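Visitor: Handing you a structure now.
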Amino acid sequence: PSKEYELTRRRVEDGVIEMWYFIRSKLKTLNKTLSSDKETIKMLTETMEDIANHRRSIMVDLEKLKDLDGMAVWRQKEAQELGDIVQQRLKYLQNPKDCSKARKLTCSLNKGCGYGCQIHHVVYCFIVAYGTQRTLILKSKNWRYSRQGWESVFKPVSDTCTDESGISRGSWSDSNDAQVVDLPIVDNIHPRPPYLPLVIPQDLSDRLIRIHGNPVVWWIGQFLKYLLRPQEGLAMFLKHAEEKMNLKHPVVGVHVRRTDKVGTEAAFHGIEEYMEFVEDYYKQLELKQSVEERRVYLATDDPKLLEESRQKFPKYTFFGDPAIAKSAAIGTRYSSDALKGIIMDIHFLSKCDYLVCTFSSQVCRLGYEIMQTDHPDASGYFHSLDDVFYFGGQGDHNQVAIYDHNPRSPAEIELKKGDIVGIAGNHWDGYSKGVNRRTKKSGLYPSYKTVEDVQLHEFPTYEEVKK
Ligand code: GDP
């Protein structure tokens, strides 16, 4: 199928989901305003479930269409090929023949934040390394999660070049030609390189946009695939955990982020809010196959939640480890045990068939990004209760208006076809919030009236790497 066909097919999927969010939200509001009238409420509740079923049946048919176009084999092969290209380039970049002469970029793992945030920091460093054709030197001694550093769990980022010395050294600037450059955290980088996420490389963009619903997530996933290659000990640990848990498919991954995050960077969400979308996933799946067990892999930093969930949702089988949740809570978090716990949780989340979580958490985003490395296009395999996908320190997240919009209330903004809108968030009720870059006005607009404006940059193309 052509790129245009694939884009349109995915737009239909998004459109159906957005229409559902819209109707669901309107009916919920109606339900509240009519709260005294029992008959009407019953009718509305039933209507809501009926419409949900309509939606599920359309989604199942759309999935079928995708399988019926005869391109499933092509999709697998294309995704594999694209992934191989990037992996080979990264391997080439990271293994220079002569380390004493190689151009290097140093990056310190110990950003003062959690595991997900630190891993994303390394991804940022690695993307800058790729953009400047410098070998990434990762400094990880006295890592807050493990004194022995990165290599206590992951393979070294280079086999031939881990020595950070060089004949000249300097701080970051995009034109600095010192042999070794020390990269600051993304919050302090100046000047900003023009190719940080959500930007994707020009040379791969046509193929990526054709095959993947959110190319930048795929792109980030490739860096993670290279970075998170486990050492033997960690691989064994994960394998044992997998055997012990005996987790089968289908399974939905739920990540519930609580403790220090609640009230500071994110709102509290009860388990019921997550389970609404888990149930929805299974109801849709049951339209095309029988499901013998509704499985949920629950990752959380709230030690009491596993028990609570089992009590409240007895029809579901919950997988997860309360001991890990205990080690994940703030206060007990930065230890080698906690490290294994978070690696394991993210690993299992990424292996699930669908994710329900809050994209405000780096843990959840990390799981979603890694998930992309296992499928040709898993961009739609999630529901976030809060943010749209983002990358810490990212450039503008822009969309393009494909329809005009005339605001009907002061909360809404005008759109003219072709306008660029900087999206701040999707309210999951049919509307998104953003700023129209032409009028500079900020407010709500119907989500279906815009599409993503994928940003490209001419990265080095690594011609030396043979295909
Ligand atoms: P964020 O704060 O949620 O955006 O993510 P970070 O990864 O930066 O920091 C949160 C830290 O809390 C993680 O790195 C873990 O150490 C811990 N944590 C949070 N949620 C979980 C979880 O579901 N499982 C485990 N094992 N640890 C978690």
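The values are calculated or read from the model by the stated rules, or taken from the named source; none is laboratory data. Keep in mind that what you see is a predicted model, and the values were worked out from it rather than measured. Neighbour counts are summed over all protein chains in view; Cβ atoms, including those assigned to glycine, are modelled from backbone coordinates with ideal geometry.
Visitor: Among the listed residues Gly116, Gly131, identify the single one that is under 22 Å from the mean Cα position of the chain (by Cα) and within 16 Å of the ligand (Cβ to nearest atom).
Guide: Gly116
Visitor: Going by the conditions given, is Tyr403 within 30 Å of Asp174 (Cα to Cα) and either of a type in the set (Ser, Thr, Tyr) or part of a strand (DSSP E or B) (or both)?
Guide: It is false that Tyr403 is within 30 Å of Asp174 (Cα to Cα) and either of a type in the set (Ser, Thr, Tyr) or part of a strand (DSSP E or B) (or both).
Visitor: Determine which single condition Asp163 fails, assuming it passes every other condition in (1) outside any helix (DSSP H, G or I); (2) crowded, with 21+ Cβ neighbours inside 10 Å; (3) touching a Cys at 6+ places or on another chain (Cβ under 9 Å); (4) not basic (Lys, Arg).
Guide: Result: Asp163 passes all but (2).
Visitor: Just the residues that are within 23 Å of the chain's Cα centre (by Cα), more than 11 Å from the ligand (Cβ to nearest atom) and closer than 22 Å to His240 by Cβ, please, taken from region 319-368.
Guide: Residues satisfying the conditions are Phe319, Ser350, Lys351, Cys352.
Visitor: Listed residues Glu292, Glu307; which is more than 13 Å from the ligand (Cβ to nearest atom), outside any helix (DSSP H, G or I) and free of Cβ contacts under 8 Å to residues at least 60 places away in the same chain?
Guide: Glu292
Visitor: Could you check, for region 267-288, whether at least one of its residues is among the β-branched types (Val, Ile, Thr) and part of a loop (DSSP other than H, G, I, E, B)?
Guide: no
Visitor: Could you figure out which of (1) surrounded by fewer than 17 Cβ atoms within 10 Å (Cβ to Cβ); (2) touching a residue at least 40 places away in the same chain (Cβ under 8 Å) isn't true of Leu105?
Guide: (1)
Visitor: How many of the residues in region 12-30 are surrounded by fewer than 15 Cβ atoms within 10 Å (Cβ to Cβ) and of a type outside the set (A, V, I, L, M)?
Guide: 4
Visitor: Just the residues that are of a type in the set (D, E, K, R), more than 17 Å from Lys77 (Cα to Cα), out of contact with any Gly (no Cβ under 9 Å at 6 or more places or on another chain) and part of a helix (DSSP H, G or I), please, taken from region 191-233.
Guide: Asp203, Glu232
Visitor: Also, I was wondering about something else. Contact list please: Cβ distance under 7 Å, first residue in region 237-265 and under 18 Å from Ile343 (Cβ atoms), second residue modelled with pLDDT under 95 and part of a helix (DSSP H, G or I), pairs at least six apart or on different chains.
Guide: That search, which allows pairs on different chains as well, returns nothing.
Visitor: Within region 111-132, does at least one residue satisfy the condition of being out of contact with any helix residue (DSSP H, G or I) (no Cβ under 7 Å at 6 or more places or on another chain) and basic (Lys, Arg)?
Guide: no
Visitor: Quick check: anything in region 234-256 within 16 Å of the ligand (Cβ to nearest atom), closer than 30 Å to Ser165 by Cα and not in a helix (DSSP H, G or I)?
Guide: Within region 234-256, none of the residues are within 16 Å of the ligand (Cβ to nearest atom), closer than 30 Å to Ser165 by Cα and not in a helix (DSSP H, G or I).
Visitor: Would you please list the contacts, defined by Cβ atoms under 6 Å and residues six or more apart or on different chains, that run from a residue in region 90-102 that is part of a loop (DSSP other than H, G, I, E, B) to a residue that is crowded, with 22+ Cβ neighbours inside 10 Å and among the basic types (Lys, Arg)?
Guide: That search, which allows pairs on different chains as well, returns nothing.
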